[in-house]
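Below: the structure, in structure tokens.
The values are calculated or read from the model by the stated rules, or taken from the named source; none is laboratory data. On a predicted model such as this, the values are computed, not experimentally measured, just so you know. Note that we place each Cβ from the backbone using ideal geometry, even for glycine, and neighbour counts take in every protein chain shown.
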Amino acid sequence: MKAFNDLADFSRDEIRALVTLAGRLDAHPEPEALKGKVLSLLFLSPSLRTLASFQAAMTRLGGGSFVISPDMSIHGLETRPGIVMDGAAAEHIREAVPVIASYGDAIGIRAFAERKNIECDMAETEFTALTSLIESPYINMESAMNHPCQSLADWKTMDDLGIPANGGKFVLSWAYHPRPLPLAVPAATLHMAAYRGMDVTVLRPEGFELPDQLMKKAAAAADAAGGSVTETDDRHAAMQDAHVIYAKSWSSTRHYGDRLADQKLREVHLDWCVDEPWFANARDDCRFMHCLPVRRGVVVADNILDGPRSVVIPEARNRMLAQMAVLHQMLGGSR
Amino acid sequence: MKAFNDLADFSRDEIRALVTLAGRLDAHPEPEALKGKVLSLLFLSPSLRTLASFQAAMTRLGGGSFVISPDMSIHGLETRPGIVMDGAAAEHIREAVPVIASYGDAIGIRAFAERKNIECDMAETEFTALTSLIESPYINMESAMNHPCQSLADWKTMDDLGIPANGGKFVLSWAYHPRPLPLAVPAATLHMAAYRGMDVTVLRPEGFELPDQLMKKAAAAADAAGGSVTETDDRHAAMQDAHVIYAKSWSSTRHYGDRLADQKLREVHLDWCVDEPWFANARDDCRFMHCLPVRRGVVVADNILDGPRSVVIPEARNRMLAQMAVLHQMLGGSR
Amino acid sequence: MKAFNDLADFSRDEIRALVTLAGRLDAHPEPEALKGKVLSLLFLSPSLRTLASFQAAMTRLGGGSFVISPDMSIHGLETRPGIVMDGAAAEHIREAVPVIASYGDAIGIRAFAERKNIECDMAETEFTALTSLIESPYINMESAMNHPCQSLADWKTMDDLGIPANGGKFVLSWAYHPRPLPLAVPAATLHMAAYRGMDVTVLRPEGFELPDQLMKKAAAAADAAGGSVTETDDRHAAMQDAHVIYAKSWSSTRHYGDRLADQKLREVHLDWCVDEPWFANARDDCRFMHCLPVRRGVVVADNILDGPRSVVIPEARNRMLAQMAVLHQMLGGSR
């Protein structure tokens, strides 16, 4: 595996094989699989779960990792091409990224969206600028519009719970949050659920539609897999017979990068906090999923998060297992 | 071993077995004992020795670790129960702690005392709130009133030096320090020396008595082990025939959490800086112990710290060895 | 090997053996060579490449490492001898360094020059103060006037490229930089190239001469190895038939530690930015080397750094391999 960048780059059989491998590595540890192998971890954006789960994953497979973030370089990393570096930054990503990559057998990179221009972010301009600098295998640890490690973990989480692929009803719901958040998780989640063959409903208020391009990509994935994709702002209709509600806040795509206009649009939706009444017409065992971190009492009520519907802790643990499977295949541990 | 939280949870034989195991792992390394095992390290309070010694301990046993501190999460971790998280913090410990724990085979947690209310701190309210969130084995890396890793290392240090258990005379002495420090180390040390069967004297100025509850716990431990516990502000009487002086500053328990009142009480005791004259009537080979970090010229004179009485460096190294023994038993390395 | 502090401490045969070992460990990994071994990494000055490459090196050899920097101790580390520590710092290097060292089988230490007094820095006053505190093997990860890990990597880089030792022409060139930088890399590089037996020219503007002591040490090394050392401010003469130009900025030695006087001297030399015209009379395949980080458009033009002359990425990767060889010999992996 040369890159783990987008679930869409893999066939459904390949994804199922990764999920199976993740489960096998949990049940039957392989502490020698990646003996002496190194994963470089480059965080251009902050992290807790991703950082911890990748470090733990490499250790469990007998290898190791190291972590680099911009504050470790003197005065940060310059990213602008062609610039005369007579200011504060003493190092350019054009050197830093290939060097960091050269110390590892693979590199994981996290770089959030710039959120100035939606076309640039949809085109993954920044992330591609980074990966174009390296020749070694790489893992997308969250880019502007993707988060394949989260999606692989989410796929496994639903498998673990016996939630059906074809025929499973998946609601991806916008939720209130005081700040405009990136589209990476909703983009990846929408595609993942569709590609798993589920009937996916995007539930969101007006102004928070997901970009057409993402909806079309998901619809194509659903077509191929026997699922469907729809969107609505009607909570009751969306939740009918749902197996899963996956909550996530995201910024307005109508006012992308415009914090004030976004704020105006979102501040009337304080009631988009997932709570028990939302589940009135869902399946009795409808589950609550979230990628974490989650704001209690804002995105979701405490009683949901602390109650039997919530699967956020095993979902987060599956991050580690899913990444172990990816690393196992990428770094040659698989025989 | 499900938890390493308090030496009092273990029989004296169990503690002796851990000390023996620590020595054996030093003499006969077992670099495959914890192959592929992961220790999660959660530091809600700062650390240097504990951080380094636990990381080194896991590596020596063939496993690994990862470190999480609140500044790694976006805007820190929320700890208040039931709060609506519409402020800065994006993550609550109710999710963060179980997730971090789930990536490891065990978790080490450090959370200093809040030092507002002595009853809360004596009851380990905060630390228990954290450990109640997890089901995996855990290690207390210093809580409000305990520091069992330090105590196990100190026990071993005295064994290494041939300082007698029964009949050994141990002085736990308050020392001056510009700031009111937590009670964790004095609390743990007092109990450890008593439980080792030593004759323990707490030497402290008025106003710096240790809480009754701690004195009673230590007295019970001494009773069981053939030792004794007394307290005094008479330096000469305390040091008579002492084998060890263990210096440590701590805050006034009379004015707990009241920085100004504490300051008034302590500022007249600048002379509580351990120096050679203190040892006038002690044993010739009386040792100086301290958990580090230590303020030179404030808590102890340079000539003591740099002279033959001081055992602070091997004492600190024993942190690593003691923790290796705990990890070895906890994570199944012991056969 | 008790210390890796200066290439001059090793015979040329010993250095060649390290370079050979570095290549062998790249071609034939030994992931069990340092099983269970720990390297302590103490960074009193910031780092990116050194940090990452040492962590990766230990993992590749089956061991591990931990990292300590002053900001991890409460309010930093005190370094002044004999001080009464009643200020902010809670810990002195006299305790911190031996303790950190005691957790590892060896320790790597980085401490940049103070750059107040050139005699102190030439005498490695600060670095020696640190290494005098420990008994375990240590590695110089850059001191005031040395950077032996960089030099060993640079030696290997030239071997890899087939650049001749005797008869090879090496230009160490000053370059413009907005700030006065330490002399560690030029000092180490000058000696390394001379000791490799090359004909070395130090190319620098007036006022940026390297200290006599460094020039003499290099001349002696060149004498022993069949090379030569000269200096000039004539770019054309220096570059004649050059195999390598190694660019690096450094502070004025005429106004050492005087930032304003240095600034005045350097600000007229903005044209000391390595570009294609510099290579007019060099060998066609003349290479560009730099230790990184490098300021684009300031120290070197983009087209050189991105073109075929530049070997800065493999040069940086050789840091890891060279350090693996040192660690392999130091920590007993070599049979």
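When region A:52-63 is filtered for residues that are within 7 Å of another protein chain (Cβ to nearest Cβ) and either assigned to a helix (DSSP H, G or I) or closer than 20 Å to B:ALA96 by Cα (or both), the ones remaining, listed by number, are A:ALA52, A:SER53, A:GLN55, A:ALA56, A:THR59, A:ARG60. Quick check: is even one residue across region A:312-333 more than 30 Å from A:TYR138 (Cβ to Cβ) and of a type outside the set (Gly, Ala, Ser)? No, there is no match, as no residue in region A:312-333 is more than 30 Å from A:TYR138 (Cβ to Cβ) and of a type outside the set (Gly, Ala, Ser).
Annotation note: of C:THR59, C:THR50, C:THR20, the sole residue that is in contact with a strand residue (DSSP E or B) (Cβ under 8 Å, 6 or more places away or on another chain) and either in the same structural domain as C:TYR195 (by TED's automatic domain parsing) or over 23 Å from C:MET145 (Cα atoms) (or both) is C:THR59.
Annotation: of all residues in region B:289-306 being more than 8 Å from chain C (Cβ to nearest Cβ) and in contact with a Phe, Trp or Tyr (Cβ under 8 Å, 6 or more places away or on another chain), the one that is nearest to B:ILE245 (Cα to Cα) is B:MET289.
Can you say whether A:ASP121 is in a helix (DSSP H, G or I), surrounded by 24 or more Cβ atoms within 10 Å (Cβ to Cβ) and more than 9 Å from every other protein chain (Cβ to nearest Cβ), as far as the supplied structure shows? Steps first, answer last, please.
Working: in a helix (DSSP H, G or I): yes; surrounded by 24 or more Cβ atoms within 10 Å (Cβ to Cβ): yes; more than 9 Å from every other protein chain (Cβ to nearest Cβ): yes.
So A:ASP121 passes the test.
Determine whether B:ARG179 is in the same structural domain as B:CYS286 (by TED's automatic domain parsing) and surrounded by fewer than 22 Cβ atoms within 10 Å (Cβ to Cβ). When the stated conditions are applied, B:ARG179 passes them. Count of region C:131-170 residues, restricted to those that are of a type in the set (S, T, N, Q), surrounded by fewer than 22 Cβ atoms within 10 Å (Cβ to Cβ) and outside the structural domain of C:THR79 (by TED's automatic domain parsing), is 1.
Taken over region A:261-316, the residue count meeting the criterion of being within 21 Å of B:GLY82 (Cβ to Cβ) and surrounded by fewer than 16 Cβ atoms within 10 Å (Cβ to Cβ) is 9.
Out of A:VAL67, A:VAL19, A:VAL99, one residue alone is surrounded by 20 or more Cβ atoms within 10 Å (Cβ to Cβ) and closer than 24 Å to C:LEU305 by Cα. It is A:VAL99.
Please find, within region A:78-104, the residue that is nearest to A:PRO182 (Cα to Cα) out of those that are of a type outside the set (Gly, Ala, Ser) and more than 9 Å from chain C (Cβ to nearest Cβ). Please lay out each step first, then the result.
Of region A:78-104, the ones of a type outside the set (Gly, Ala, Ser) are A:78-81, A:83-86, A:91-95, A:97-100, A:103.
Add one more test, that the residue is more than 9 Å from chain C (Cβ to nearest Cβ), and what stays is A:79-80, A:93, A:97.
Working: A:THR79: 20, A:ARG80: 22, A:ILE93: 23, A:VAL97: 23 Å.
So, considering only residues that are of a type outside the set (Gly, Ala, Ser) and more than 9 Å from chain C (Cβ to nearest Cβ), the one nearest to A:PRO182 (Cα to Cα) is A:THR79.
Set side by side, the residues A:ALA220, A:ALA194, A:ALA187 differ, and just one is outside the structural domain of A:VAL19 (by TED's automatic domain parsing) and without any contact (Cβ under 8 Å) to a residue 24 or more places away in the chain, which is A:ALA220. Just a yes or no: is a residue in region C:23-46 in contact with a Pro (Cβ under 6 Å, 6 or more places away or on another chain), touching a residue at least 24 places away in the same chain (Cβ under 8 Å) and either part of a helix (DSSP H, G or I) or at the interface with another protein chain (Cβ under 7 Å from one of its Cβ atoms) (or both)? Yes: one or more hits. Listed here are the strands (runs of 3 or more DSSP E) enclosed by region B:137-244 that have at least 1 residues being closer than 29 Å to B:ALA261 by Cβ: B:169-174, B:199-203, B:228-232.
Go over the candidates C:MET320, C:MET330 one by one and state the one that is away from every other protein chain (no Cβ under 14 Å), buried (at least 21 other Cβ atoms within 10 Å of the Cβ) and at pLDDT 95 or above. So that I can check it myself, show each step before the final result.
Numbers: C:MET320 fails: away from every other protein chain (no Cβ under 14 Å).
That would be C:MET330, the only listed residue that is away from every other protein chain (no Cβ under 14 Å), buried (at least 21 other Cβ atoms within 10 Å of the Cβ) and at pLDDT 95 or above.
From the list C:VAL97, C:VAL38, C:VAL67, C:VAL84, the lone residue that is of a type in the set (Val, Ile, Thr) and either over 30 Å from A:GLY76 (Cα atoms) or over 26 Å from the mean Cα position of the chain (by Cα) (or both) is C:VAL84.
From C:TYR256, C:TYR246, grab the single residue that is crowded, with 17+ Cβ neighbours inside 10 Å, modelled with pLDDT of 95 or more and among the hydroxyl-bearing types (Ser, Thr, Tyr).
Details: C:TYR256 fails: modelled with pLDDT of 95 or more.
Checking each option against the conditions leaves just C:TYR246.
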